[in-house]
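Worksheet: the structure to be examined is printed underneath.
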Amino acid sequence: EDFAPFTNSGIVYEEGDNREAIMYQAAHYELVASARAVKIGHEINPDFQIGCMIAMCPIYPATCNPKDILMAMKAMQK
């Protein structure tokens with residue numbers, strides 16, 4: 001698999017990449033960005049209720065071919 005859906009970062013791996021290190025680095029930056037967004041939001045208005053959702057990783061079909069759609073649906077259920 002050449003795509004890392006784990007972090008919602010859209011990472012496309014290249015041959016020879018250290019996939020685990022890249023995945024953890026992307027996850028780290030995603031969490032840092034989320035924390036900064038929450039901080040700024042609370043500076044704007046302390047009553048804001050802000051959080052992040054890191055568990056949803058949508059998988060879209062490559063084409064409108066029913067086989068691709070079914071494969072994407074099955075992958076989302078894993």
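The set of residues in the stretch 5-31 being part of a loop (DSSP other than H, G, I, E, B) and modelled with pLDDT under 85 consists of PRO5, PHE6, THR7, ASN8, SER9, GLY10, TYR13. Screening the candidates ILE69, ILE50, ILE40 for the property of being at pLDDT 85 or above and assigned to a loop (DSSP other than H, G, I, E, B) yields one hit, ILE50. If only residues of the stretch 15-63 that are of a type in the set (Gly, Ala, Ser) and within 23 Å of GLN77 (Cβ to Cβ) are counted, the one that is surrounded by the most Cβ atoms within 10 Å (Cβ to Cβ) is ALA27. Taking each residue of the stretch 21-47 that is free of Cβ contacts under 8 Å to residues at least 60 places away in the same chain and looking for partners that are polar (S, T, N, Q) and surrounded by 14 or more Cβ atoms within 10 Å (Cβ to Cβ) with beta-carbon atoms closer than 7 Å, six or more apart or interchain, yields MET23/THR7; ALA26/THR7; ALA26/SER9; ALA27/THR7; GLU30/THR7; GLU30/ASN8; GLU30/SER9. The residues of the stretch 64-78 that are surrounded by fewer than 10 Cβ atoms within 10 Å (Cβ to Cβ) and among the charged types (D, E, K, R) amount to a single one, LYS78.
The values are calculated or read from the model by the stated rules, or taken from the named source; none is laboratory data. Quick caveat, the model's predicted, so the values are computed rather than measured. So basically every Cβ, Gly included, is an ideal-geometry build from the backbone, and we count neighbours across all protein chains shown.
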